[in-house]
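These notes concern the structure reproduced below.
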4 protein chains.
Amino acid sequence: MKDIQLHPDYRLIDLQRVGIKNLHLPLLIKQKKNGYQSVLANVSLSVDLPRHYKGTHLSRFVEILEKWSQKSLSSREIKDILEEAAKKLSARQAQITIKFKYFIKKKAPVSKQESFLDYGCEFTGIKDSDGYNFILGVEVPITALCPCSKEISRYGAHNQRGYIRARVHCGGSIIWIEDLVSALEKQGSYPIFPLLKRADEKFVTERAYENPKFVEDVLRDAIGVLRKLPGIKWFEVECENHESIHNHSAFAYQRESFTNF
Amino acid sequence: MKDIQLHPDYRLIDLQRVGIKNLHLPLLIKQKKNGYQSVLANVSLSVDLPRHYKGTHLSRFVEILEKWSQKSLSSREIKDILEEAAKKLSARQAQITIKFKYFIKKKAPVSKQESFLDYGCEFTGIKDSDGYNFILGVEVPITALCPCSKEISRYGAHNQRGYIRARVHCGGSIIWIEDLVSALEKQGSYPIFPLLKRADEKFVTERAYENPKFVEDVLRDAIGVLRKLPGIKWFEVECENHESIHNHSAFAYQRESFTNF
Amino acid sequence: MKDIQLHPDYRLIDLQRVGIKNLHLPLLIKQKKNGYQSVLANVSLSVDLPRHYKGTHLSRFVEILEKWSQKSLSSREIKDILEEAAKKLSARQAQITIKFKYFIKKKAPVSKQESFLDYGCEFTGIKDSDGYNFILGVEVPITALCPCSKEISRYGAHNQRGYIRARVHCGGSIIWIEDLVSALEKQGSYPIFPLLKRADEKFVTERAYENPKFVEDVLRDAIGVLRKLPGIKWFEVECENHESIHNHSAFAYQRESFTNF
Amino acid sequence: MKDIQLHPDYRLIDLQRVGIKNLHLPLLIKQKKNGYQSVLANVSLSVDLPRHYKGTHLSRFVEILEKWSQKSLSSREIKDILEEAAKKLSARQAQITIKFKYFIKKKAPVSKQESFLDYGCEFTGIKDSDGYNFILGVEVPITALCPCSKEISRYGAHNQRGYIRARVHCGGSIIWIEDLVSALEKQGSYPIFPLLKRADEKFVTERAYENPKFVEDVLRDAIGVLRKLPGIKWFEVECENHESIHNHSAFAYQRESFTNF
């Protein structure tokens, strides 16, 4: 049977990325403590395609991912996946993005009752002529209470759910989802919990009122956290508040690179 | 050229609805005052298919909708579209759903500055052996402030954006989007505005604090509004609050039918 | 601390459903064989609220779900969850909807290589004055090849990914996701696989070409399957093709009830 | 009334972007010919915030956009919006992204019947120390027929809807949506139409079969088109096929910069 993908191509264009996208499969993600967590992943995996090939072999991407779905994954294994993909597809470069919801146990502030909160996470691995690079992305829900509304009103203050979305280029260092989430979620007016009893609700309401923050404040404090991460090459961070008095969002965004890398 | 759709079918199954879905096109929607509003519509249009036909002619649905995209639409024209669809496709029944964002001018409560707020809307028309029926759907954003949080906390109260989603079977009566939206958006702790100056922000913050409502309260008051609509056959209504202290929603739902129809 | 939810309410409106929505948590779903599968669930859980209560206690819904997240679930356990919810919230009725992606191993038709395909699934449980009812929903991807295009063209035929979405009211009988999916995915022009080698691709291309089906044909054959399910009260089924020659979908829909229940 | 946004801030962090996001409003987009088209826009507008200000004034963003919603927009007016935003908010930089569906009239290849096809579009304007820059984004649906499937199968070939998504940094030159869409949609196996009669369906089926293309081929030919655009600084382009034999996508991506700018 002919392998038309191996045919020569006459357009003389090297392609940067060719692969599969929006593949769902269950994966195991390494936890900071206690083994791994089973997640529902949405995966994109690609390699470069030199000018002399007409096409790549898409079924091999699925074979590779099916195999790795049995092992628990962190930055190190992502590198192995990329090396295997590059080798099996005769490519020099390979890139993967894995999106998943990750659960972390939270303890309510007064009752101490436990529940699991979901955080949107993203692993991006890139293997190219610069070597291997790993980017960790997290989306952290928070409560944000408006300082202007508090200041000008006789009582109350509008507040809302907000999200801090950070992507961190880890360089050679290892950053755990648990640590990045924990550092960022303190930067809102107060963190969010799935389970709050009445004593907790009183507590979080009062703490948020005592700690009003514009989306700009949340961003500045998140930047403060991210600048202190050891060994990172760059970060980008967006804070978005789903304003409770509008039908649109307020947002603020920053990207910083560190040239000593 | 053969018309395979007209071939006989041997499974002897009458189909209730066959048609097209997720077609985007610009439509003109009649306003209560001042002509029409140009909207981006997502349309589904279908007819029944008797057992003796293998298939329907999908291109005719598009032809009909393209033609009607030039005229301004309300319940009455929706009926004409369905009659034309039934006739051109030799069907007894026809059904359409049109989803669109509709803008209504809002005046900020103190500064009186004007801006346009978007409401999700839905027209559903059904022509069948019961005659013609029209269902109007609206999604109305509101602010909701938690009575429990206010009661138990020394200061502040968590609040959030909420949505009242109502679908009303209009029967023979005419209900304007503008009127349904206006009646429902008063049932939250306070309405929402795209544009608020500082004096407005103070006002809406204080009014919401003075008017705390659970999602259950919003639903009960919305039910009160909907029960008073003249001539309707049934309604369903859902209120959902995007809780600012959780990463999930609180919601409440009700469906009521009126048997004197 | 006051429990404002227990306050009397003067509007005299019994509410049908009050609860939480869009809560994400990991759950364990019983498989037909071999234990359970860990899934990412999106959950809605609600109870009725009699007229004499102002509000319900939302934190209890989360407590109940957190507890059940440790046990493997099928229709039987869903019933237990609803009974616990009704009891803990002093309600007569309770309803749950659990949406998740579920993976089933597929074997490629020629190479026999294995891979896991994702199916959108939905469990709905309702406990009310009618007793307990359970509805199973599945979304099954298929390939659909157009009979008209094949018939009129000298070569080729447009084909596309389609979806069969069925919801089945199981009555007292037990229907496994695996069995419902397996029966439905044979009703397209050919089933879909994550992993196909070249010999498989030849096979599925030819089989689909030999088995052209309108969306109406897929629906009629799906109805044939669903009518044969033992002991069900009703089903609804929609087939949707993401037409490869249009930017919209073709669809067909049917709902049937069985009065001997 | 205090203006807390003007308070000094002690963290000494200049913020790159602060503004509003996910605001829906109706806008008028200039057409290549014949005036303008009314669209439903989703808008993000932001400015930089120097370290000495605690916050920006979000209501001014809405005021500016409401005003401009009355005028027809192209790259030139986007520049004016950004200059007004920078001036009114005492900022040096401003950025806007406007997403909308844009309709272009298509003529079926044989019957010549006309219908309007929707294309996802995006205007991004950036005013900063580099001056003014404008990026045009379009999403173009196509049909893609697999060369491998055609080659190895006795008859038929799997095909599917695909999308070419291009973003072009226009530099000083003007590129019309109509021209970019028209050039790109010829790069699939065949373009897509909302309305096709039977003679058209035969035509597009056969043409696609005669013109098989991998996602890599579509990308290479799209690159050929984009490289010839006069005066652009960079482009990025992604082709994605919603594979009809899988439940995931095949994709290919390229980004190219031109250093003579």
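Among the residues of the stretch A:128-138, are any under 16 Å from A:Glu216 (Cα atoms) and part of a strand (DSSP E or B)? Among the residues of the stretch A:128-138, not one is under 16 Å from A:Glu216 (Cα atoms) and part of a strand (DSSP E or B), which makes the answer no.
Among the residues of the stretch D:10-45, write down those that are over 20 Å from B:Leu117 (Cα atoms) and at the interface with chain A (Cβ under 7 Å from one of its Cβ atoms). If the condition is that a residue be over 20 Å from B:Leu117 (Cα atoms) and at the interface with chain A (Cβ under 7 Å from one of its Cβ atoms), then D:Arg11, D:Ile13, D:Leu15, D:Gln16, D:Arg17, D:Val18 are the ones that fit.
Number of residues in the stretch D:1-27 that are of a type in the set (A, V, I, L, M) and within 16 Å of B:Lys101 (Cβ to Cβ): the value is 3. Residues of the stretch D:221-240 that are outside any loop (DSSP other than H, G, I, E, B) and within 18 Å of the chain's Cα centre (by Cα): D:Ala222, D:Ile223, D:Val225, D:Leu226, D:Arg227, D:Trp234, D:Phe235, D:Glu236, D:Val237, D:Glu238, D:Cys239, D:Glu240.
May I ask you to verify whether C:Ser111 is within 11 Å of chain A (Cβ to nearest Cβ), within 26 Å of C:Ile177 (Cβ to Cβ) and part of a loop (DSSP other than H, G, I, E, B)? When the stated conditions are applied, C:Ser111 passes them. Residues that are more than 18 Å from B:Lys71 (Cβ to Cβ), within 21 Å of the chain's Cα centre (by Cα) and surrounded by 21 or more Cβ atoms within 10 Å (Cβ to Cβ) within the stretch B:25-58 comprise B:Ser44, B:Ser46, listed in sequence order.
Take the stretch D:79-100 and flag every residue that is in a helix (DSSP H, G or I) and aliphatic (A, V, I, L, M). Break it down into steps so the answer makes sense when it comes.
Narrowing the stretch D:79-100 to residues in a helix (DSSP H, G or I): D:79-88.
Result: D:Ile81, D:Leu82, D:Ala85, D:Ala86.
Pull up the stretch A:85-108, narrow it to residues that are touching a Leu at 6+ places or on another chain (Cβ under 9 Å) and within 12 Å of chain C (Cβ to nearest Cβ), then point me to the one that is nearest to A:Glu66 (Cα to Cα).
In the first step, residues of the stretch A:85-108 are kept if they are touching a Leu at 6+ places or on another chain (Cβ under 9 Å); the result is A:85, A:89, A:91, A:93-98, A:100-101, A:103-106, A:108.
Filter again for within 12 Å of chain C (Cβ to nearest Cβ), leaving A:100-101, A:103-106, A:108.
Numbers: A:Phe100: 16, A:Lys101: 19, A:Phe103: 23, A:Ile104: 26, A:Lys105: 29, A:Lys106: 32, A:Ala108: 38 Å.
Applying the filter and picking the extreme gives A:Phe100.
Determine whether the stretch C:11-23 contains at least one residue that is within 18 Å of the chain's Cα centre (by Cα) and closer than 21 Å to C:Ile174 by Cβ. Within the stretch C:11-23, not a single residue is within 18 Å of the chain's Cα centre (by Cα) and closer than 21 Å to C:Ile174 by Cβ. For first residues located in the stretch D:160-179 and of a type outside the set (A, V, I, L, M, F, W, C), partners that are part of a helix (DSSP H, G or I) and buried (at least 16 other Cβ atoms within 10 Å of the Cβ) and lie 6+ apart or on another chain with Cβ distances below 8 Å form the pairs D:Gly162/D:Val215; D:Gly162/D:Val218. Scanning the stretch D:190-204 for residues that are facing chain C (nearest Cβ under 7 Å), touching a Phe, Trp or Tyr at 6+ places or on another chain (Cβ under 8 Å) and outside any loop (DSSP other than H, G, I, E, B) yields a single hit, D:Val204.
Matching residues to (1) touching a residue at least 12 places away in the same chain (Cβ under 8 Å); (2) of a type in the set (Lys, Arg):
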site: B:Met1; (1), (2): no, no
site: B:Ile4; (1), (2): yes, no
site: B:Ile20; (1), (2): yes, no
site: B:Leu27; (1), (2): yes, no
site: B:Lys32; (1), (2): yes, yes
site: B:Ser46; (1), (2): yes, no
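Any residue that is surrounded by fewer than 20 Cβ atoms within 10 Å (Cβ to Cβ) and touching a Leu at 6+ places or on another chain (Cβ under 6 Å) - is there at least one of those in the stretch B:119-142? The answer is no; no qualifying residue exists. Residues in the stretch B:54-78 that are in a loop (DSSP other than H, G, I, E, B) and either out of contact with any strand residue (DSSP E or B) (no Cβ under 9 Å at 6 or more places or on another chain) or acidic (Asp, Glu) (or both): B:Lys54, B:His57. If the condition is being under 23 Å from the mean Cα position of the chain (by Cα) and among the polar types (S, T, N, Q), then the stretch D:184-220 contributes D:Gln187, D:Ser189.
Cβ separations smaller than 6 Å between residues 6+ apart or across chains give the following pairs from the stretch C:211-224 residues that are under 10 Å from C:Gln187 (Cα atoms) to residues that are in a helix (DSSP H, G or I) and at pLDDT 95 or above: C:Ala222/C:Leu184.
Of the residues making up the stretch C:161-183, those that are in contact with a Leu (Cβ under 8 Å, 6 or more places away or on another chain) and either among the charged types (D, E, K, R) or within 14 Å of another protein chain (Cβ to nearest Cβ) (or both) number 2. Being modelled with pLDDT of 95 or more and within 21 Å of B:Asp217 (Cβ to Cβ) is the filter here; which residues of the stretch C:23-61 pass it? Scanning the stretch C:23-61 gives C:Ser44, C:Leu45, C:Ser46, C:Val47, C:Asp48, C:Leu49, C:Ser59, C:Arg60, C:Phe61. Would you say D:Gly156 is assigned to a strand (DSSP E or B), within 13 Å of chain C (Cβ to nearest Cβ) and buried (at least 24 other Cβ atoms within 10 Å of the Cβ)? No: the conditions fail for D:Gly156. Can you find even one residue in the stretch A:146-153 that is among the hydroxyl-bearing types (Ser, Thr, Tyr) and either surrounded by 23 or more Cβ atoms within 10 Å (Cβ to Cβ) or away from chain B (no Cβ under 14 Å) (or both)? Among the residues of the stretch A:146-153, at least one is among the hydroxyl-bearing types (Ser, Thr, Tyr) and either surrounded by 23 or more Cβ atoms within 10 Å (Cβ to Cβ) or away from chain B (no Cβ under 14 Å) (or both), which makes the answer yes. Every condition in (1) more than 30 Å from B:Glu151 (Cβ to Cβ); (2) within 9 Å of another protein chain (Cβ to nearest Cβ); (3) surrounded by fewer than 23 Cβ atoms within 10 Å (Cβ to Cβ) is met by B:Pro230 except one, and the failing one is (2).
Scan the stretch A:13-24 for residues that are farther than 15 Å from A:Ile81 by Cα and in a strand (DSSP E or B) and report the count.
Filtering the stretch A:13-24 down to residues farther than 15 Å from A:Ile81 by Cα leaves A:13-18, A:21-24.
With in a strand (DSSP E or B) added as a condition, the list becomes A:15-18, A:21-24.
Count: 8.
The values are calculated or read from the model by the stated rules, or taken from the named source; none is laboratory data. Bear in mind the structure is a predicted one, so any value in this text is a computation, not a measurement. Please note: Cβ atoms are built from the backbone with ideal geometry, for glycine as well, and neighbour counts cover all protein chains shown.
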